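Written below as structure tokens is the structure these notes are about.
The values are calculated or read from the model by the stated rules, or taken from the named source; none is laboratory data. All figures in this text were calculated on a predicted structure; none of them were measured in a lab. Counting neighbours? That spans all protein chains shown, and the Cβs are built from the backbone with ideal geometry, glycine included.
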Amino acid sequence: MRKTILLTAAGLLLAGAARTLAQTTDPQLENGDSPFVRLIRPDRPGQTITTNMLYPGQFQIETGLNSYDRSSSVGYAGRTAWGNTLRVGFFNHIELRATQNYLRTPDVRPLTPEGTPAPYAGPAGFAPLNVGAKFLASTVQNAPSQVVLLLDMNLRNGNASFGEKQYEPGARLLVSQQLGQRFGLEGNFGFRQRGFKAEGTKQGQYLTTLALNGPLDAANHFGFFTETYATWQRQQGWLPGLTSGVYWRPLPGLRFDVNAGHGLTGAAGGFNVGGGLSMRLGK
């Protein structure tokens with residue numbers, strides 16, 4: 001319990017300091033037409049969730065397929081997952097969101113004595129749904145310096161093959177700094193635990209990320225993103241990794257991307273590749 005109180009206090013202090021920093025931005029500064037703000041910025045791929053928030057009446061769909069190596073420390077080790085996120089702009093600088101993953105049954109399975117693929121006993125199908133909301137902590141939405149708080153939770157639904165289901169609350173502090181008119185540096189600091197009891201923190205996981213993204217051409221159609229991240233869990237210690245990729249943005253509200261990642265240590269090893277698209281609707 002003492003550890004939980006200390007961690008909560010540290011998070012509040014960090015959020016307060018970040019909010020104070022964000023409020024130093026000039027509220028009159030016109031930044032809405034900059035490419036970094038005007039063009040779509042999805043929360044996929046990788047571990048970093050962007051500070052971008054949709055305006056009321058806007059919808060954003062993000063979908064993609066990712067394949068993870070058997071030794072992967074992120075995602076679903078040894079499996080291929082289809083991830084879908086729906087984001088909805090709400091009033092009072094709030095964005096509502098829901099993420100649903102679909103875990104495919106492995107293509108390669110052991111054979112029975114009769115020579116047919118053996119039934120798969122592991123988790124498959126729809127994973128527990130994640131629901132959450134972003135709350136603006138800065139004074140001005142889409143300012144060059146942005147601070148956002150994300151609160152989310154994994155529910156206990158999904159396919160019955162996912163055993164030991166528990167509510168898993170999580171929180172992240174999202175921070176970004178625009179570099180010029182087109183590039184951006186974004187970072188996350190978050191924590192997720194199993195259940196609501198204090199002992200659930202012993203199975204909890206910390207996450208920290210730092211990402212850089214921006215266009216590669218003058219027309220802002222092609223671009224790159226790269227991130228470094230690290231997870232920490234009491235049983236596993238630090239597991240750092242790197243994700244990088246490129247994207248094509250034919251329209252301001254449409255983006256296609258491909259990505260690859262790998263752990264930076266033996267324990268955090270595991271190659272993963274993926275691709276997907278993101279589409280924003282509404283003005």
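Which condition number does ARG234 fail, the rest of (1) basic (Lys, Arg); (2) touching a residue at least 40 places away in the same chain (Cβ under 8 Å); (3) surrounded by fewer than 16 Cβ atoms within 10 Å (Cβ to Cβ) being met? In the conditions (1) basic (Lys, Arg); (2) touching a residue at least 40 places away in the same chain (Cβ under 8 Å); (3) surrounded by fewer than 16 Cβ atoms within 10 Å (Cβ to Cβ), ARG234 misses (2) alone. Taking the criterion of being among the aromatic types (Phe, Trp, Tyr) and either surrounded by fewer than 17 Cβ atoms within 10 Å (Cβ to Cβ) or more than 14 Å from LEU39 (Cβ to Cβ) (or both), the residues of region 237-283 that qualify are TRP238, TRP248, PHE256, PHE271. Number of residues in region 57-72 that are over 17 Å from the mean Cα position of the chain (by Cα) and modelled with pLDDT under 95 equals 4. Close contacts from region 137-148, counting a first residue that is farther than 8 Å from SER176 by Cβ and among the hydroxyl-bearing types (Ser, Thr, Tyr) and a second that is at pLDDT below 95 and in a loop (DSSP other than H, G, I, E, B), with Cβ to Cβ under 8 Å and a gap of 6+ residues or different chains, come to SER138/GLN23; SER138/THR25; THR139/GLN23; THR139/THR25; THR139/PRO27.
Please find, within region 237-283, the residue that is farthest from LEU54 (Cα to Cα) out of those that are free of Cβ contacts under 8 Å to residues at least 40 places away in the same chain and β-branched (Val, Ile, Thr).
Of the residues in region 237-283, the ones free of Cβ contacts under 8 Å to residues at least 40 places away in the same chain are 237-238, 240, 242, 244, 246-248, 250-251, 256, 258, 260, 262, 264-266.
Narrowing further to those that are β-branched (Val, Ile, Thr): 246, 258, 265.
Values: VAL246: 23, VAL258: 23, THR265: 36 Å.
Here the residue is THR265.
Can you name the residue in region 134-179 that is small (Gly, Ala, Ser) and loosely packed, with under 15 Cβ neighbours inside 10 Å and, of all such residues, is modelled with the lowest pLDDT? Give the derivation first.
Going through region 134-179, the residues small (Gly, Ala, Ser) turn out to be 137-138, 143, 145, 158, 160-161, 163, 170-171, 176.
Pick out the ones that are also loosely packed, with under 15 Cβ neighbours inside 10 Å and you get 160, 163.
Details: ALA160: 90, GLY163: 82.
That would be GLY163.
Determine whether GLY75 is under 17 Å from the mean Cα position of the chain (by Cα), in a loop (DSSP other than H, G, I, E, B) and either modelled with pLDDT under 95 or under 26 Å from ALA230 (Cβ atoms) (or both).
Details: under 17 Å from the mean Cα position of the chain (by Cα): yes; in a loop (DSSP other than H, G, I, E, B): yes; either modelled with pLDDT under 95 or under 26 Å from ALA230 (Cβ atoms) (or both): yes.
Yes, satisfied.
When GLU199 is tested against (1) on the phi > 0 side of the Ramachandran plot; (2) without any contact (Cβ under 8 Å) to a residue 12 or more places away in the chain, exactly one condition is not met: (1).
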